[in-house]
Each structure stands twice: as structure tokens, then as C-alpha cells.
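A short write-up of the structure that comes next.
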Amino acid sequence: MLKNAVFGLLLTGLVILVVLFALGFRPRDLPRFWEPPFEDAIRSGAYVSGLEVRIRGKRLRGAVTFKLAIRNPTPQPLELKAVWANIPATCRVAEPAVDIRVPPRARLEHRVSFEILHPVSVAEFKPPILKGEWHWTRGVAAEPLKAMIIPFSGRLVLRRTFGAANWSVLAAYLVAMLIVGLWCGRGISNTRGFFIADGRLNYVLVGLSILGTYLSALTMMGLPGMSYGEHDWTYMVQLPCLMLTAMIITGIVLPRYRAAGIVSVYEFLEQRIHVSARLTGAICFILFSIGRMGLVLYLPALAFHTVTGTPLWLAIVLMGVVITAYTVIGGMKAVVWTDAIQVVIFILGAFLTLGYIFNDLGVQTFFDVSIEHHKFRTLIPDFDPKRIVTLWLVLETIFQTVRIYGTQQDMTQRYMTTPSVKAANRSVWIAIISYIPLGFIFYFLGTALFAFYRAHPAVNLPGKADPMYPYFVMHHLPAGVAGIVIAAIFAAAMSSIDSCMNSSSTVCVEDFWRRFSRKQRSEEEYLRLARRLTLFWGAAAIAMALAFMKIRYAQIVWGKVMGISTNGMLGLMALAFLPIRINKWAAGAGFVSSYAALFLMMAGGVNFLLWPVVGNLVCFFVGLFLNPLFSAADPPRSAP
């Protein structure tokens, strides 16, 4: 097993390199992941790195020493002449002026010390600014030498160190997940064991796993980011709608799937409509999964980058490799067990953070600040189709959550891992009833972070709302506790990504290879294929996460990705659930019409919340209306 794990890690790394190479990445481009090309950097002063010092604790004492790292990749000397400005009264600089000459194609470090006159908290410290000019001489013998003088300024950035205790907690968590994967991988000899754990898992574990898949890092970072920013509590109206979803899934959808005896939910589309519907659903899910895995992988990597300073691209690659490794080895059993563990860590991290904020801030201050800035704003009574309003949020939630729990392979696959329909229904109720209060907690957490930073202003807050939570964790939570919360953010992402990886492999094997292969293959061959596909999806997730590095609000991007990649799927599945058999051409026309409606809405500026509502209704009613016309020319087979 250890040999397989090492092989899996090496193969994952190779696939990642191949995908990055295909996307245009070359080794010479590596530095550009965290610093711009020299010509662009010259004009912004960004080639001066190291204007940063990492500290321990919450207060500055004694002296703060940092290094100024300068790189000159040109064949000409580079000279820096600068002075410190806006030096706070709490400190004194030993070297008020900086005069440095960097030889051609060289890199050097220059250390500067600030004496702290009296202890000051990090939040109160006003970092000084380095202002000056670069004198860069360049030219050739054929023309006179020209001196280019580029002004710049850079601010000293103070960051707390992540600390040995936090690193230990995070490392222990990641190692534990790999161990669980190795343990769960024992005895898997066929695809049924790899995909649905032979249908023998406890419904409580499966319920926690479904909860973990639905939560994701979008909940732990995206929801606090929304309520911290200008959206306040407007998205919270979505939470009660999940009760209706649970009733529809447990009363109608899940029993039909279990009775059909399917592994891939899209096989049901073939049974009820045609193989073309099955392939349509499978392809849409794969496209959706790639986008989701990339976005969900990006968020915890962003948290890791925020708290440790690790380059964002490297954090994405490291996380992707760990998740891929235990998913390849342990299959669905590893997914369910790790998801259940991750949900517990996830909840613990949220409560530890809230406890610390209210211990520092106090309940009265929290409510005073929140009410003053209208942070409890929940309802937007409007009918403008181009705005985010309450009615569109409610409709989008109903359509999307029924689609998620009813047509999404990573969810429906769990329904087959329990021994009975009754146990599977219990799993769904556990997941949904648990999510409603947890969703509220994370919206509440975003508001608490807003109140905290209004009461304790900080000078170096992130420019985006999504990394506010990890920023708070890094700068304010005690050592060890911060490590638990960052591990919880990792857990939230892993519980979604591992599910998508396993389910995407399931779809490829069941809906493509096994369905269309003319060669008789053994279960061992299909199992090896499933593991190789999981490696591929891990590499694809990493590549997609790198593409998401520029986004601002993850929750909004997620809504758009979901609306485009899954458009019409709920309408198509609703046609399959009708007591009559829908003609394949009618269903296909409905699905195509849903995308025509989507493109018209996008061109007309219609709010993305309405995309799934209109798209799925168009798919269903066009397919239903055209069914008699197409059936007359192409009589359907009898329904099973």
C-alpha cells in the first residue's frame, strides 16, 4: 500500500506538470507567480521585495529588524536612493536614508532596524513608508547611455509568524488524513468498493459526509466574506429553503434512485429517456466538477497563503497533492470517513473563533457596531431582474439545492453507500438539518469580524472580503487555536474536492468506459482505471485553482459557474421522473432551449440568480410541449 501511495504522489506531480505545460506554463515563468516581469515591476517598485517583517506575539517590543531584498536582472547597475517617511512616534529608525547600489544581474539583502521606544500592539502600529527613486542606467555603445529615474514607495508590512504550534497542528491533520486514506484503502478489490463502499456505511457517517460535501470552503470563507462585505445578511434567506429540498429528495428522488439500482445517477436518464440524455448529464457534471474543485481548492490555499506567506500557487499545488493522494488510495470509504472527521474540525474552528471575538469585543459593542452599519440587513424587497433581491435568492436556492441533491453525482452517490432507503433518507436529513444553523453561524461570523475591525482598526487589511477570516485567524487567535481553524478551512475544502474527484471518476468509468467499451474488462482493470482518473482530476483541479487566483467574491463566482455548467439539468431530470416516457428528441430540444435562454439572459444582463430558475423551467416545459410531436414520429419504448 505504501508503494502505491508513493507511486500515486509521483504520478500526480507528473500529471500536474503536464497540465501546467499544456496551459502555457514554463519553468522560466515560475517567479512571475508572485512578482511581475522586470519591465512592469520597474514602474511600480514591485521588484523591491522583503518590505516585511514577521513577528511573534501581539505586541512589538525592543527592535524590529527586517531585510530589504533587491534583484537586478539587467546588465546595468541599479541604484536606490530612498528615505523613510511617516515614521510613527512609537519607534526610531537607525538608518533614516537608504543608499544602495546593486551590481548587474545580482541580488542583495539590506537590513534595517527600527527601535521600539515603548511596547505597542501590532494593530496600533503605523508602518513607516520607504520613498525614493531608482536610478537605472542602460544603453549600448552605439547610443549614449540614458539614465532612467523611477520613483516608488513601499510600506513596511508586519505579519505574525504562523508558529511551531500552528504548523504542528496543521501537519498532524494532513498526516492523519493520509493515514485514514491508507486505512480505508485496505480490501478494495473492485469498483463497487471504490465508488460506493459496497453499500455498508453507517447513515450517520454518510450524513456527515453529505454535510461536509455541501459545506466546503465556500461556506467557511465565502459566507463570512459576503456578510463582512456589502451583502450583509441578504443571502441568509436561502437557509430555510433547504427544508423543502429535504422533503423533495427523501420523498420522491432518493427512493426512485435506490429502486433503479444505479451507481451513476445519469444511468437513470438513459433508463427513462435515452443514452444521449445520460451522456449530456455526465458531461455537464464533469465540467461542473472541474470548476468547483478549482474554486474550492483556491480558497483554503488563499487562507494558507494569507497566514503563512507561502506563494499562493505553491499552496494550491501542495493541497491538491494531499487531497488527491488519499482519495486515490481510499476511494469512497476514505471520502466518507475523512469528510465526517473534517466536519467536526470545521464546527470546532467556527466556535473557537466566535468565542474569541466575543470575549474581546463584548456583545453590546457587537450589536452597536452592526446596527449602526446596517449589517443585519436581510430582505431586499424588489423585482428587478438585474439585481440580487430576496425573491431571486429564494427561487435560486430551491432550484439549485434540489438539483444539487437530486442530480449531482457527488451527492447521489452517497445514497447508495447505506444499506437501505430508510438509512439513506436519514443521512439526507442529518446533512440538511445540520447545515441550516451552521450556515447562520458563518454569516454571523462575518458580521462579527466586521464589528471587530471597526472596534480595532487595522492598517493592512486584505483588499478582498474572502480572506478576512484567515487574516483574523493569523493576527489574533492564540498559537495552536489558529492552527485548528486553518485546519478546519482545509477540512472544508477537502470534504468537497475529494467527493468531486471520486464522483468524476465514477461517471467516467460507469457512463463512458463500462457503457461503451466493447472489450470485456475485469473489475481489477476498472479499479486501476478509476484510480488513474482520480489522479487526472486532481491535476485538473490544481490547474483550475491557479486560474481562479484573481477573483474577488468566491460566492458570486461560484453561483455563475454553477448556473452555466449545470443549466437545464434539473429540468432534464424532472422530465425523466414523469410517469410517461419523454422522447429523446423532445428532451434534447428542451435542454438546448435552456442554453438559448441562458445566453439571452447573459446578454440582457439578467441576474445570475435567475439563470437556473429560467433555464430549468424552459428545459422542462419545452421538452413536455414537444414530446407529443416527436413521439408521433418516433414512438417511445415502454417505460420500465
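The values are calculated or read from the model by the stated rules, or taken from the named source; none is laboratory data. Since the model is a prediction, treat every value here as computed from it, not as a measurement. Glycine gets a Cβ as well: all are built from the backbone with ideal geometry, and neighbour counts include every protein chain shown. Just so you know, the surface numbers come from the protein's heavy atoms only, side chains and all, with ligands and any DNA or RNA stripped out. Shrake-Rupley method; radii C 1.70, N 1.55, O 1.52, S 1.80 Å.
Would you work out the Kirkwood radius for region 400-446? I mean one over the mean of 1/r across all pairs of different Cα atoms, in Å. Can you show the working numbers first?
Numbers: mean 1/r = 0.0842 Å⁻¹.
One over the average 1/r among Cα pairs gives 11.9 Å for region 400-446.
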Once Lys and Arg get +1 and Asp and Glu get -1 on their Cβ, which of I248, F351, V321 lies farthest toward the positive end of the dipole of region 214-360?
-> I248
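Rank-order 608-615, 588-595 by packing density, defined as the average count of other C-beta atoms within 10 Å over each peptide's residues, highest first.
On the way: 608-615: 22.9, 588-595: 20.8.
The densest-packed peptide leads the list: 608-615, 588-595.
Kindly identify region 488-544 as rounded, prolate or oblate by the Cα gyration tensor criterion: order the square roots of the eigenvalues as a ≥ b ≥ c, call it rounded if a/c is under 1.5, otherwise compare a/b with b/c, prolate if a/b is larger, else oblate. Walk me through the numbers before you get to the answer.
Values: a/c = 2.83, a/b = 2.57, b/c = 1.10.
Note, shape of region 488-544 comes out prolate.
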Which value, in Å² rounded to 10, gives the accessible area of F383 with a 1.4 Å probe and all protein chains present?
-> 150
By the mean-Cβ-within-10 Å protection proxy, highest first, 600-606, 619-625 rank as 619-625, 600-606
Between the alpha carbon centres of region 236-259 and region 295-344 the gap in Å comes to 29
Just report the Cα centroid separation between region 346-389 and region 488-514, whole Å.
-> 33
Hey, could you pull the Cα Rg and Dmax for region 433-563, both in Å?
-> 20.4, 68
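Starting from the coordinates of the alpha-carbon atoms of region 362-401, obtain the Kirkwood hydrodynamic radius over all distinct pairs and give the value in Å to one decimal. Can you show the working numbers first?
On the way: mean 1/r = 0.0823 Å⁻¹.
Kirkwood hydrodynamic radius for region 362-401: 12.2 Å.
What do the square roots of 5 times the Cα gyration tensor eigenvalues come to for region 314-438, in whole Å, largest first, as semi-axes of the equivalent ellipsoid? Could the numbers behind the result be given before it?
Working: eigenvalues 222, 120, 55 Å².
Three semi-axes, in Å: 33, 24, 17.
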Find the accessible area per residue for region 320-449; the probe is 1.4 Å, ligands and nucleic acids are left out, and the unit is Å².
-> 35
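I'd like to compare 359-365, 494-500: which one has the highest average count of other Cβ atoms within 10 Å, and what's the full order after that? Walk me through the numbers before you get to the answer.
Details: 359-365: 11.6, 494-500: 30.6.
Put in order of decreasing packing, that is 494-500, 359-365.
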Apportionment of accessible area to carbon and sulfur, region 286-405, percent (1.4 Å) | 72
Across 10 Å bins from the origin, how do the percents of Cα pairs in region 500-633 run, short distances first?
-> 11, 26, 29, 26, 7, 0
Alpha-carbon Rg/Rh ratio, for region 412-480, with Rh computed the Kirkwood way | 1.24
Per q in 0.13 1/Å, what log10 I(q)/I(0) does a Debye calculation on the alpha-carbon atoms of region 207-287 return?
-> -0.65
Whole-Hz ³J(HN,Hα) from phi, Karplus 6.51 cos²θ - 1.76 cosθ + 1.60, for region 598-608, glycine and proline x = 4, 5, 5, 5, 5, 5, x, x, 5, 4, 4
